[in-house]
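Visitor: Sharing a structure here in structure tokens format.
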Amino acid sequence: MTRFSDAIAFASSGDIRSPDGDLSKYLDRKEQPMKTMEMLGTAKEALPPCNIDAESSVLSVCLLTDEGAKKMSALLVPEDFFRVSHQHIFRAVQTLVGRGRPVDHITVAESLEKQGMLDAVGGRSALLSLADNTFAIVNCEYHAGIVARTSMQRRLIEAATKIACMASAPQDDVCEVREEALRLVREAVSDRRV
């Protein structure tokens, strides 16, 4: 185990005694912030969790069958998609489903065009390309699960970043920070479809 993971395990246990009797390694203030900053730096440079292929597959299902569009609309929200263009397409799908209209590449293109968003998603050719993926139907619920999972991971990263900033700032009342941190985590893992 590394010193960092030892410290986390120790802090989480609530035990005031060090497992090996040496508290100095848990109180090393010079080393810990550096590791934390290194981890944050790595996280900033990496692409947030996403799976563009799974997102495309979900959108393909929506464009291929009305039943698929209804099923995916019940499982996901537009913000679950990493690509903004995919968010726009899915929002148009949900709007059509909500109005009881048929969903296909033509009706979605018409909806996006009325909103002035058709070019922003890549035009009709992008929608046709998505509609060509007929194999997407086979594992659509699994792909929707991937989209939902990576969305939650991104929300947790965002919450953790906010918590790290709050916790790093000088505080008079750490209880307020704790309450806000708990709220942010609950919000990150909540079901956003309700």
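Visitor: In nm, to one decimal, how far is the modelled label at Q153 from the one at E110, with both set 7 Å along Cα→Cβ?
Guide: My value for the distance between the label points is 3.9 nm.
Visitor: Label points 7 Å out from Cα along the Cβ direction at A160 and E176: separation in nm?
Guide: According to this spin-label approximation, the distance is 2.6 nm.
Visitor: Taking +1 at the Cβ of each Lys and Arg and -1 at the Cβ of each Asp and Glu, which of F90, A148, G122 sits farthest along the dipole of segment 87-157 towards its positive end, judged by Cα position relative to the Cα centre?
Guide: With unit charges placed on the Cβ atoms, the residue in question is A148.
Visitor: Please work out whether segment 72-144 counts as rounded, prolate or oblate from its C-alpha gyration tensor, where a ≥ b ≥ c are the square roots of the eigenvalues and a/c under 1.5 means rounded, while otherwise a/b larger than b/c means prolate and anything else oblate? If you can, show how the numbers build up before the last one.
Guide: Details: a/c = 1.41, a/b = 1.27, b/c = 1.11.
Rounded.
Visitor: Which of the peptides 75-81, 47-53, 59-65, 99-105 is most tightly packed, and how do the rest follow, going by the mean number of other Cβ atoms within 10 Å of each residue?
Guide: Going by the mean number of other Cβ atoms within 10 Å, highest first, we get 59-65, 75-81, 99-105, 47-53.
Visitor: In Å², what does the accessible area per residue of segment 125-194 work out to with a 1.4 Å probe? Intermediate results must be reported in sequence, preceding the final value.
Guide: Numbers: 4760 Å² over 70 residues.
Result: 68 Å² of accessible area for each residue.
Visitor: Still on this model: With just the Cα atoms of segment 69-194, tell me how far they stretch along each of the three principal axes, in Å, largest first.
Guide: Here the spans come out as 58, 31, 24 Å, largest first.
The values are calculated or read from the model by the stated rules, or taken from the named source; none is laboratory data. None of the values given here were measured: they were computed from a predicted structure. FYI the Cβ positions are ideal-geometry reconstructions off the backbone, even for glycines, and counts take in every protein chain you see. Note: areas computed on protein heavy atoms with side chains; ligands, DNA, RNA excluded. Shrake-Rupley method; radii C 1.70, N 1.55, O 1.52, S 1.80 Å.
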